[in-house]
């Protein structure tokens, strides 16, 4: 279900307060602002603070400060993910009720050891578009009784989407409409390349994939504008939208700001932080010109 032509366009900028904004964030925020203006739409701000172990209030305050410095305004209220955990839990419960989610007990260390052992034998391990190894099938193959016993023991676990079962529910290929800086047009989604993605962990009540599709639906976002690093993740988002009966936004994946090493910028690289650049004497106009605005 695509946005109605009569629906007022809604855009969103959705940073995580786990570090200071850098030039890449500024580019995304400015593109969202420009497109919202061109389309006569609204720009929302979402704070994706679901990972309590990494998110900090001072980083959230810095987001507001940096965006205001760039003369970027947004419609209130700001949606903070940490205030909506029950909505993500309800979506997870729906998927569990459909038999499409299973508890996963293997630790990162155990998975890493399995991958290393396989590759040492010359057996290639499948990897997702980001290069991370796919989760092994061991937990998916456990019997219901074994799952219940492990859950009752209190062992830490995540909840993963059974990709094979989820794909079996589809009657036709998933697609999305893309008009960004890479491939454009009506594109076919390929969620299988991600394997059994995490939907919830013991240290985070919802994954990025699950929370972002719920947020976009609740906020009635019609245009998702974000970096090309999230292009392939759209396949997972389209699958979750289909499973949960959520509306499908239009997508625009824009170019990335790259560092001297040719890789996308990181919050750990303070040299491109907006607050650092401001302290060095650069103005908001300087930042806009540097980013092509």
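The values are calculated or read from the model by the stated rules, or taken from the named source; none is laboratory data. Since the model is a prediction, treat every value here as computed from it, not as a measurement. Heads up, the Cβs are rebuilt from the backbone with ideal geometry, glycines too, and the neighbour counts pull from every protein chain shown.
Candidates 111, 115, 101: the one that is over 21 Å from the mean Cα position of the chain (by Cα), surrounded by 14 or more Cβ atoms within 10 Å (Cβ to Cβ), closer than 14 Å to residue 158 by Cβ and modelled with pLDDT of 95 or more is 111. Considering each residue of the range 40-58, count those that are free of Cβ contacts under 8 Å to residues at least 60 places away in the same chain, buried (at least 17 other Cβ atoms within 10 Å of the Cβ) and in a loop (DSSP other than H, G, I, E, B), and give that number. Qualifying residue count for the region: 2. Got at least one residue in the range 70-89 being surrounded by 13 or more Cβ atoms within 10 Å (Cβ to Cβ), over 30 Å from residue 33 (Cβ atoms) and either at pLDDT 95 or above or in contact with a strand residue (DSSP E or B) (Cβ under 9 Å, 6 or more places away or on another chain) (or both)? Yes - at least one qualifying residue is present in the range 70-89.
Quick one: which of 286, 229, 216, 196 is modelled with pLDDT of 95 or more, buried (at least 21 other Cβ atoms within 10 Å of the Cβ) and part of a helix (DSSP H, G or I)?
On the way: 286 fails: buried (at least 21 other Cβ atoms within 10 Å of the Cβ); 229 fails: buried (at least 21 other Cβ atoms within 10 Å of the Cβ); 196 fails: part of a helix (DSSP H, G or I).
Of 286, 229, 216, 196, the one residue that is modelled with pLDDT of 95 or more, buried (at least 21 other Cβ atoms within 10 Å of the Cβ) and part of a helix (DSSP H, G or I) is 216.
Put simply, of 139, 130, 203 the only residue that is surrounded by 12 or more Cβ atoms within 10 Å (Cβ to Cβ) and touching a residue at least 24 places away in the same chain (Cβ under 8 Å) is 139.
Being outside any loop (DSSP other than H, G, I, E, B), surrounded by fewer than 14 Cβ atoms within 10 Å (Cβ to Cβ), at pLDDT below 95 and out of contact with any helix residue (DSSP H, G or I) (no Cβ under 6 Å at 6 or more places or on another chain) is the requirement here; does residue 266 meet it? Taking the combined requirement at face value, the residue does not satisfy it. None of 187, 210, 167 is over 11 Å from residue 102 (Cβ atoms), in a helix (DSSP H, G or I) and in contact with a strand residue (DSSP E or B) (Cβ under 7 Å, 6 or more places away or on another chain) except 210. Restricted to the range 242-263, and to residues there that are touching a helix residue (DSSP H, G or I) at 6+ places or on another chain (Cβ under 8 Å) and not in a loop (DSSP other than H, G, I, E, B), the residue that is farthest from residue 170 (Cα to Cα) is 254.
Of the residues making up the range 128-160, those that are over 19 Å from residue 107 (Cβ atoms) and not in a helix (DSSP H, G or I) are 129, 130, 131, 143.
Would you check if residue 221 is modelled with pLDDT of 95 or more, buried (at least 21 other Cβ atoms within 10 Å of the Cβ) and in a helix (DSSP H, G or I)? So residue 221 does not fit the description; no.
When the test is whether a residue is surrounded by 14 or more Cβ atoms within 10 Å (Cβ to Cβ), at pLDDT 95 or above, in a loop (DSSP other than H, G, I, E, B) and under 23 Å from the mean Cα position of the chain (by Cα), residue 181 passes it.
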